[in-house]
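Some notes on the structure that comes next.
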Amino acid sequence: MRATPKKLLCPCGTTIRADTDAELVRRVQAHARAAHDQQLTPEEILARAELAPA
Ligand SMILES: [Zn+2]
């Protein structure tokens with residue numbers, strides 16, 4: 001099964017893209033922790049993610 005690339009626009013203006021849900025969650029969690037001292041759940045991240053076709 002082929003994953004659909006996704007992106008998430010953080011309120012700070014940073015756009016995070018990834019090829020899979022798991023990668024997106026990992027990247028967004030790392031950004032949220034480093035830039036905002038926030039802990040986001042995978043559910044929160046995926047609920048806010050948009051499709052990002054190549
Ligand atoms: Zn941010």
Answer residue from segment 1-14, given it is assigned to a loop (DSSP other than H, G, I, E, B) and in contact with an Asp or Glu (Cβ under 8 Å, 6 or more places away or on another chain) and is surrounded by the fewest Cβ atoms within 10 Å (Cβ to Cβ) among those | 3
Determine the pairs where a residue that is within 20 Å of residue 36 (Cβ to Cβ), located within segment 1-25, has a partner that is among the polar types (S, T, N, Q) and not in a helix (DSSP H, G or I) with Cβ atoms under 6 Å apart, the partner being 6 or more residues away or on another chain.
-> 7/15; 9/15
Failed condition for residue 52, given (1) in contact (Cβ under 8 Å) with a residue 24 or more places away in the chain; (2) in contact with a helix residue (DSSP H, G or I) (Cβ under 8 Å, 6 or more places away or on another chain) = (2)
Among the residues of segment 15-42, how many are within 11 Å of the ligand (Cβ to nearest atom), in a loop (DSSP other than H, G, I, E, B) and under 20 Å from residue 54 (Cβ atoms)?
-> 0
Filter result (within 16 Å of the ligand (Cβ to nearest atom) and not small (Gly, Ala, Ser)) within segment 43-54 = 44, 45, 48, 50
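Since every read-out is calculated from the coordinates, none of them should be taken as a lab result. On a predicted model such as this, the values are computed, not experimentally measured, just so you know. Cβ: placed from backbone, ideal geometry, glycine included. Neighbour counts: every protein chain shown.
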